[in-house]
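These notes concern the structure reproduced below.
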Amino acid sequence: MVDLVVRGDTVVTPQGVGAFDVVIAGERIVAVAAPGSLPVPDGARLIDATGKIVIPGGIDPHVHCKWHLPNPDGSAGLTDPPDVVGRAAVHGGTTTMIDFTRANQGATVREAIEKREADWKGHCACDYAQHIMVEGALPVDLPAQVGEAIQAGFPTVKIFTTDITPSRKGRMVDFGDIWEVFQVIAANGGLGVIHSEDNDIVMHMYGKLIREGRTGFENMAEVHNTLSEDISFRRVIRLAEKVKGTALYMMHTSAASGVSAIREARARGVPIYGESLHQYMLYTQEDYKTPRGQIYHTYPSLKSAEDQAALWSGTLDGAINCVATDEICCTLAKKLQGSRIDDTTGGNAGVEPRVALMYTEMVGNRGYTLSRFVDLVSSNAAKIMGLYPRKGAIAAGSDADLCVLDPDDRRVIRAEDLHEADYTPWEGRKMAAWPCLTVLRGKVVVENGVWRGSLTDGKWQHRKVAAEILAGPML
């Protein structure tokens, strides 16, 4: 039985952009048809989206909710939970987020998954999934458990090649263990999602700048530098090439050197995909020098204008496939609590404005097609992460996840208008459109800025990465 019809003259589908009725029954899209070609049954709601832009719900493949947040004094707290971030996500047109389960948070990977699910089930206004994160020296029985998790619907495995800061010992996985994990990933149809920096270079630069008394966070780009990204990306890629069947997703690519490494590997047929963040796309290391410059930071650091230009180039030639947030939702006081290269808080509260920001910059300012924009904020993430075509597509049989952008709503972003932190790094930016409707699996959850959803709406999403994504660079 049809429950909802969204009628638009600019609907972005896998086949192209056009005028369509999106016909929804229950949680699924049952038809995408010419406007008015199918009768709207009695009792069904018709939403007229004429003059607006109808896209699949946004997918953010890189968020951290209820996450460990170090303090400068050595103590730690937690970032805001899915209860907060999920509600902000649907206000911004994002209907699915992918967070992380830390394997070392349980006696087994299965136990860690169950503990993490308790943080999310009944606590999120949008759908969600988890990457499995492995850290430090890996127990000998862990790779086999990771293989079981991949088969159970957790096909993406997060690996650090650095401890990030001197105080975070225990994050980095050594290359012997990475080699073992890659073999498990390849055997089970998984995907390695990599935080890739060269730990020797990073830690050397921390020591060098501390000795020189240049400890202010504005020097962060010297520590988490382009050489580190170049060496580490190429080393990880080389290892993956030696383990046949290993596919890679390079998280938060920040530099031209990383883009080049991905591009060259793709030319050799390596199944590798690149992610950047909206911070890197729109801010540079010069923004560290502004008042409260910490609000723009995440790890690795912001880079130069030349690196930023390379990221944008990558979104056009396939080296950068997704734009994510590395969401860390906390108060402004927490974000500003560190001011040194070794204690500045990473991540940003950005899941709500991401879709509108990228529409404004990509379509409004740079002339990207609507299809390319949708690929970068939704469809590519669904394809790479094993959610497509259930997610990331306006097509018959897909989940009825929709975002409707209103190009007449050219609001200026203000923290007080958003639904998560008490600050935003996007303060004062004028948008070319803003979401006016979000539909999650057939349910209208936000309409004209009013939340109509529930914290019980979100469901965990079983994932399986498609064989063609693992076989070679398909996007």
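The values are calculated or read from the model by the stated rules, or taken from the named source; none is laboratory data. Note that the structure is a prediction, hence the values are computed from the model and not measured. Reconstructed Cβ throughout: ideal geometry from the backbone, glycine too, with neighbour counts over all protein chains shown.
What number of residues within region 88-102 are charged (D, E, K, R) and either within 15 Å of VAL355 (Cβ to Cβ) or outside the structural domain of CYS329 (by TED's automatic domain parsing) (or both)? Don't jump to the end; show me each part of the working.
Step one: list which residues in region 88-102 are charged (D, E, K, R), which gives 99, 102.
Next, only the ones that are either within 15 Å of VAL355 (Cβ to Cβ) or outside the structural domain of CYS329 (by TED's automatic domain parsing) (or both) stay: none.
Residues flagged as charged (D, E, K, R) and either within 15 Å of VAL355 (Cβ to Cβ) or outside the structural domain of CYS329 (by TED's automatic domain parsing) (or both) within region 88-102 amount to 0.
The selection criterion, being in contact with an Asp or Glu (Cβ under 9 Å, 6 or more places away or on another chain), touching a residue at least 24 places away in the same chain (Cβ under 8 Å) and surrounded by fewer than 22 Cβ atoms within 10 Å (Cβ to Cβ), does not hold for VAL243.
So which residues in region 105-149 are among the aliphatic types (A, V, I, L, M), out of contact with any Lys or Arg (no Cβ under 9 Å at 6 or more places or on another chain) and not in a loop (DSSP other than H, G, I, E, B), if there are any at all?
Just the residues of region 105-149 that are among the aliphatic types (A, V, I, L, M), to begin with: 107, 109, 112-113, 118, 125, 129, 132-134, 137-138, 140, 142, 144, 146, 149.
Then keep just the ones that are out of contact with any Lys or Arg (no Cβ under 9 Å at 6 or more places or on another chain); that gives 107, 109, 113, 118, 137-138, 140, 142, 144, 146.
Within region 105-149, VAL109, ILE113, ALA118, LEU142, ALA144, VAL146 meet the criteria.
Restricting attention to region 67-81, the residues that are within 19 Å of the chain's Cα centre (by Cα) and either outside the structural domain of GLY170 (by TED's automatic domain parsing) or within 15 Å of ARG102 (Cβ to Cβ) (or both) total 4. For region 137-170, the tally of residues that are farther than 20 Å from LYS115 by Cα and not hydrophobic (A, V, I, L, M, F, W, C) stands at 9.
In region 93-104, what residues are in a strand (DSSP E or B) and closer than 13 Å to GLU135 by Cα? First the steps, then the outcome.
Taking region 93-104 first, the residues in a strand (DSSP E or B) are 94-102.
Answer for region 93-104, where residues must be in a strand (DSSP E or B) and closer than 13 Å to GLU135 by Cα: PHE100, THR101, ARG102.
Mind checking whether some residue in region 430-448 is touching a residue at least 12 places away in the same chain (Cβ under 8 Å), of a type in the set (Gly, Ala, Ser) and under 26 Å from THR156 (Cα atoms)? Looking for residues that are touching a residue at least 12 places away in the same chain (Cβ under 8 Å), of a type in the set (Gly, Ala, Ser) and under 26 Å from THR156 (Cα atoms), one finds none in region 430-448, hence no.
When MET385 is tested against (1) in the same structural domain as HIS252 (by TED's automatic domain parsing); (2) in contact (Cβ under 8 Å) with a residue 40 or more places away in the chain; (3) out of contact with any Leu (no Cβ under 9 Å at 6 or more places or on another chain), just one condition goes unmet, and that condition is (3). Based on what the data block shows, is ASP80 surrounded by 14 or more Cβ atoms within 10 Å (Cβ to Cβ), assigned to a loop (DSSP other than H, G, I, E, B) and not small (Gly, Ala, Ser)? Yes.
Within region 35-77, track down each residue that is surrounded by 11 or more Cβ atoms within 10 Å (Cβ to Cβ), assigned to a loop (DSSP other than H, G, I, E, B) and of a type in the set (Gly, Ala, Ser). Matches in region 35-77: GLY36, ALA44, ALA49, GLY51, GLY57.
Residues in region 281-300 that are under 15 Å from MET250 (Cα atoms) and either charged (D, E, K, R) or in contact with a helix residue (DSSP H, G or I) (Cβ under 6 Å, 6 or more places away or on another chain) (or both): 0 in all. Of the conditions (1) in contact (Cβ under 8 Å) with a residue 60 or more places away in the chain; (2) crowded, with 17+ Cβ neighbours inside 10 Å; (3) not acidic (Asp, Glu), ILE201 clears all except one; give me its number. Of the numbered conditions (1) in contact (Cβ under 8 Å) with a residue 60 or more places away in the chain; (2) crowded, with 17+ Cβ neighbours inside 10 Å; (3) not acidic (Asp, Glu), the odd one out for ILE201 is (1). Checking each residue in region 149-163 for being surrounded by fewer than 16 Cβ atoms within 10 Å (Cβ to Cβ) and either under 19 Å from VAL202 (Cβ atoms) or in contact with a Phe, Trp or Tyr (Cβ under 9 Å, 6 or more places away or on another chain) (or both) picks out only GLY153.
Among the residues of this structure, ALA125 counts as one that is of a type outside the set (Asp, Glu) and either under 27 Å from ILE341 (Cα atoms) or buried (at least 21 other Cβ atoms within 10 Å of the Cβ) (or both).
Limited to region 60-119, what total is found for residues that are free of Cβ contacts under 8 Å to residues at least 40 places away in the same chain and among the aliphatic types (A, V, I, L, M)? The qualifying residues number 5.
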